[in-house]
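**Student:** Quick one: this structure, given as structure tokens, is what I'll be asking you about.
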Amino acid sequence: MRMRTALAAGLLVLVAGCASEPPAAAPDEPVTIKFQSLAWQKESIAANKELVAEWNKANPKIQVEYIQGSWDNVNDQLVTSFEAGDPPDVIHDDSPALSGFASRGYLMDIKDKIPAELKSDIPQPAWDTVTFGDGKGGQGVYGVPFLQESQVTIANKKLLEAAGVRMPTSDDPWTWDEFAEISKKLTKGDTYGVAWPMKSPVNKVLNLALNFGGTFFQTDAGGKTTVKVGAEEREVLQRIHDQLYKDRSADPSALGMGSADPLPGFYAGKYAMLPAGVYLRQQVVEQAPDGFEWITLPPLKGVGSEQGAVSQTLSVAADSKYPEQSLKFVSFFLNGSNQVKLAKGDWLLPTSVKAAGDPAMTAEENGWNVATASAKNLVVAPFLKVNGFDEWKSKVATPTLQQYFANKITIDEVAKKLVDEGNKVLERYNQ
Amino acid sequence: MGRSLRYLALAGYLVFLAFPLVWLLSTALKTPQELASLHPTWIPRAPTSANFTDAFGEQDLVGSGVRSLVVAAASSVLTVVLALPAAYALARHRSLVNRIAIGWVLVSQVFPFILIIIPLFMVLRGLDLANTLPGLTVVHVTFTLPFALWMLQGYVRAVPRELEEAAAMDGAGRVRSLVSVVAPLLAPGVVATLLFSFISSWNEFLFALIVLKDPDVATLPLTLVKFTGAEGVVRLGPLAAASLLATIPSLLFFALIQRRLKSGLMAGAVKG
């Protein structure tokens, strides 16, 4: 293998000397740009392909080749493509991935190139999710944010009505205290009030912690970032834990599940409520048995209703031979009316203000009105700007939170582990 | 009694082996509602072909299946053609160098492939082989070859040298001895190696992901993964339908050549 590597390296030198780059097209010649999309749901793929076809028909000189990637392995694939200098021109990803790509110079900074109409149609908090350091001390914008996810509660309507609980609205949502009380009320016989799938607990807990002002990270005047777990950060952790082991209104056996795994139990009446990302509504619509009635409940309120958010994004590769054409395509693809189609396909929230006002996004059917209204609570997730967050998440936070939710350690031990072990990880990135 | 127990054990083993395939078939025929049932059943209550329709309608399964077949067939044949003479030399001419070579072949298997994937891609691109099926075939041969070589030299070693000596005594030359005596006895080993190489290539994902960029050259594993989404959510029905189809060529290939996997041909060949 080592020999092969050496051989490969040798050949690489040879190739570097011999290979010539294909010439860029002359200004008037038709060009083809590659667009790698991560759409995977049937409706979403159809929407993407429809928009690409529409663009290609209207722009014979800038043709777009649609390539379908996969969320499962996109970052491995992109790193290799970037390193090899052969990335797609237009890249679909999510904002947490952009930070690393931006600092390594893989993505084009579009800060001064965004068309005014597109820029003004997307609120600043969404732009904040794609604004990162450029690795040289400056800040750049490395993508256009277009779909976001908020945490809502999907509930069994009949069970809620039978329990006679107050139905929350976007203007008057449940507080966490009400949610706890109602969960207890709904817990009867074989039915638990709530299921908390916590196979990947970190992002969910961190996003919800903002309800109580919990940020989990703090940055000092010198720019050094450390972990903090104070009273604000403990609130959501403690409340979920209480539901599991004090109130016994949450099913501990759901803890090891992924986001969609509790759905069979939800349809069967085993769980009355399911805190989930808005996209899970699509699964419910597709899978729920005939006659099953469900509703989407607005995000819970702590001291506020803020939630951390990341965005799905379209970026232009720094190595793209056709950056201007790529950006033109992105601007078309993410205009207000097109974002409606994309949001409907993925069952997520559009960042476009125009799109959010579209009747399709405010319809009562399938909880679109509640989902779209929840976007007002989204702020940039504090962890998005933390160098070393991925390592902290995988090595420290995930196992620690899983232990806590399994009732194996106390909340004080959680705090100590997250801070002590977490700061050791962040220390390396701070240097 | 003993025979009944043997059959019982065999039946249990068959059930164990067949379980994933039967479950895959059952899943592929279920509606989304039934797939989300808390109490799954073996036999779909309302069998549907919609998953197959969706899978075929949304993705180029036939095209990517044909491409996978071409790559797997080409790389398995090439692997065996290249490995066989080398394996014979390693097995028959035992020296320190050969022992080191065999050791090196095994050691090479422990290096993570991800380490060389970027230079490999750049080399392929320089040779105009990136994004092509021949390029992927070359990569698959390169990475299957060491283990195939190790497998085959074991099979060659199992053929008693005395048989070749006896053939020589009867007047057979080196080539005649290899073709008429050694080759037939090696057939099961060659078939096993072919199978190993075929299945390795058929299932291979990572290199295909890196080497093949365009949808019109994607192989089947790259197409199957498109039914998975963010946060581990999958479209189970279409994925099961597509996966079921993906198992068929391997099963057919195995069915076609399994009778060549007979062992025991050499039993008693050198008894006095």
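**Student:** Across region A:68-111, which residue is nearest to the other protein chains (Cβ to nearest Cβ) among those that are closer than 21 Å to A:LYS385 by Cβ and acidic (Asp, Glu)?
**Tutor:** Among residues in region A:68-111 that are closer than 21 Å to A:LYS385 by Cβ and acidic (Asp, Glu), the one nearest to the other protein chains (Cβ to nearest Cβ) is A:ASP94.
**Student:** Taking only pairs six or more apart or across chains, which ones have beta-carbon atoms under 6 Å, a first residue in region B:122-139 that is in contact (Cβ under 8 Å) with a residue 24 or more places away in the chain, and a second residue that is surrounded by fewer than 19 Cβ atoms within 10 Å (Cβ to Cβ) and not hydrophobic (A, V, I, L, M, F, W, C)?
**Tutor:** Close Cβ pairs (under 6 Å, with a partner that is surrounded by fewer than 19 Cβ atoms within 10 Å (Cβ to Cβ) and not hydrophobic (A, V, I, L, M, F, W, C)) amount to B:ASN131/B:ASP214.
**Student:** Tell me, which residue of region B:30-57 that is more than 20 Å from A:ALA288 (Cα to Cα) and under 27 Å from the mean Cα position of the chain (by Cα) is surrounded by the most Cβ atoms within 10 Å (Cβ to Cβ)?
**Tutor:** Across region B:30-57, the extreme among qualifying residues is B:ALA55.
**Student:** Name the residue, out of A:THR215, A:THR226, A:THR169, that is surrounded by fewer than 21 Cβ atoms within 10 Å (Cβ to Cβ) and part of a strand (DSSP E or B).
**Tutor:** A:THR226
**Student:** Further, regarding this structure: Being more than 14 Å from every other protein chain (Cβ to nearest Cβ), crowded, with 21+ Cβ neighbours inside 10 Å, out of contact with any strand residue (DSSP E or B) (no Cβ under 6 Å at 6 or more places or on another chain) and part of a loop (DSSP other than H, G, I, E, B) is the filter here; which residues of region A:172-200 pass it?
**Tutor:** A:TRP174
**Student:** Any residue that is surrounded by 19 or more Cβ atoms within 10 Å (Cβ to Cβ) and modelled with pLDDT under 90 - is there at least one of those in region A:83-91?
**Tutor:** Yes.
**Student:** Please name all residue pairs, on different chains or six or more residues apart, with Cβ atoms under 6 Å, provided the first residue is in region A:27-43 and is facing another protein chain (nearest Cβ under 8 Å) and the second residue is at pLDDT below 85.
**Tutor:** From residues that are facing another protein chain (nearest Cβ under 8 Å), the pairs are A:TRP40/B:GLY229.
**Student:** Which members of region A:271-291 meet the condition of being in a loop (DSSP other than H, G, I, E, B) and either more than 9 Å from every other protein chain (Cβ to nearest Cβ) or of a type in the set (D, E, K, R) (or both)?
**Tutor:** Scanning region A:271-291 gives A:VAL278, A:ASP290, A:GLY291.
**Student:** Looking at region B:20-29, is at least one residue surrounded by 17 or more Cβ atoms within 10 Å (Cβ to Cβ) and within 14 Å of another protein chain (Cβ to nearest Cβ)?
**Tutor:** The answer is yes; a qualifying residue exists.
**Student:** How do the pairs read when you match residues in region B:228-239 that are closer than 17 Å to B:GLN33 by Cβ with residues anywhere that are in a loop (DSSP other than H, G, I, E, B), using Cβ under 6 Å and keeping only pairs 6 or more apart or on different chains?
**Tutor:** Close Cβ pairs (under 6 Å, with a partner that is in a loop (DSSP other than H, G, I, E, B)) amount to B:VAL233/A:ALA260.
**Student:** Then there is this: Any idea how many residues of region A:358-394 are of a type in the set (A, V, I, L, M), surrounded by fewer than 17 Cβ atoms within 10 Å (Cβ to Cβ) and assigned to a helix (DSSP H, G or I)?
**Tutor:** Of the residues in region A:358-394, 1 are of a type in the set (A, V, I, L, M), surrounded by fewer than 17 Cβ atoms within 10 Å (Cβ to Cβ) and assigned to a helix (DSSP H, G or I).
**Student:** Does region B:1-19 hold any residues that are of a type in the set (A, V, I, L, M) and either within 25 Å of the chain's Cα centre (by Cα) or loosely packed, with under 10 Cβ neighbours inside 10 Å (or both), and which are they?
**Tutor:** Those that are of a type in the set (A, V, I, L, M) and either within 25 Å of the chain's Cα centre (by Cα) or loosely packed, with under 10 Cβ neighbours inside 10 Å (or both): B:MET1, B:LEU5, B:LEU10, B:LEU14, B:VAL15, B:LEU17, B:ALA18.
**Student:** Within region A:252-259, does at least one residue satisfy the condition of being more than 14 Å from chain B (Cβ to nearest Cβ) and surrounded by 18 or more Cβ atoms within 10 Å (Cβ to Cβ)?
**Tutor:** yes
**Student:** Just to be sure before I move on: is B:ALA148 surrounded by fewer than 17 Cβ atoms within 10 Å (Cβ to Cβ) and in a helix (DSSP H, G or I) in the structure I sent?
**Tutor:** In short, no.
**Student:** One residue is enough: does region B:110-118 have a residue meeting the conditions assigned to a helix (DSSP H, G or I) and within 30 Å of A:THR191 (Cβ to Cβ)?
**Tutor:** There is no residue in region B:110-118 that is assigned to a helix (DSSP H, G or I) and within 30 Å of A:THR191 (Cβ to Cβ).
**Student:** Just checking, does region B:24-41 include any residue being in contact with a Phe, Trp or Tyr (Cβ under 8 Å, 6 or more places away or on another chain), small (Gly, Ala, Ser), in a helix (DSSP H, G or I) and modelled with pLDDT of 95 or more?
**Tutor:** Yes.
**Student:** Ok, one more. If you scan region B:212-234, which residues turn out to be of a type outside the set (Asp, Glu) and closer than 19 Å to A:LYS199 by Cα?
**Tutor:** Hits for region B:212-234 are B:THR228, B:GLY229, B:ALA230, B:GLY232, B:VAL233, B:VAL234.
**Student:** Keeping to region A:269-291, report how many residues are without any contact (Cβ under 8 Å) to a residue 40 or more places away in the chain and not acidic (Asp, Glu).
**Tutor:** 5
**Student:** Could I ask something else about it? Would you check if A:ALA268 is under 23 Å from A:LYS301 (Cα atoms) and within 14 Å of another protein chain (Cβ to nearest Cβ)?
**Tutor:** No, not satisfied.
**Student:** When region B:9-28 is examined, which residues are found to be touching a helix residue (DSSP H, G or I) at 6+ places or on another chain (Cβ under 8 Å) and of a type in the set (S, T, N, Q)?
**Tutor:** B:THR27, the sole residue that qualifies.
The values are calculated or read from the model by the stated rules, or taken from the named source; none is laboratory data. Fair warning: this is a prediction, and the values are worked out from it, not measured in the lab. All Cβ positions, glycine included, derive from the backbone under ideal geometry; neighbour counts span all protein chains shown.
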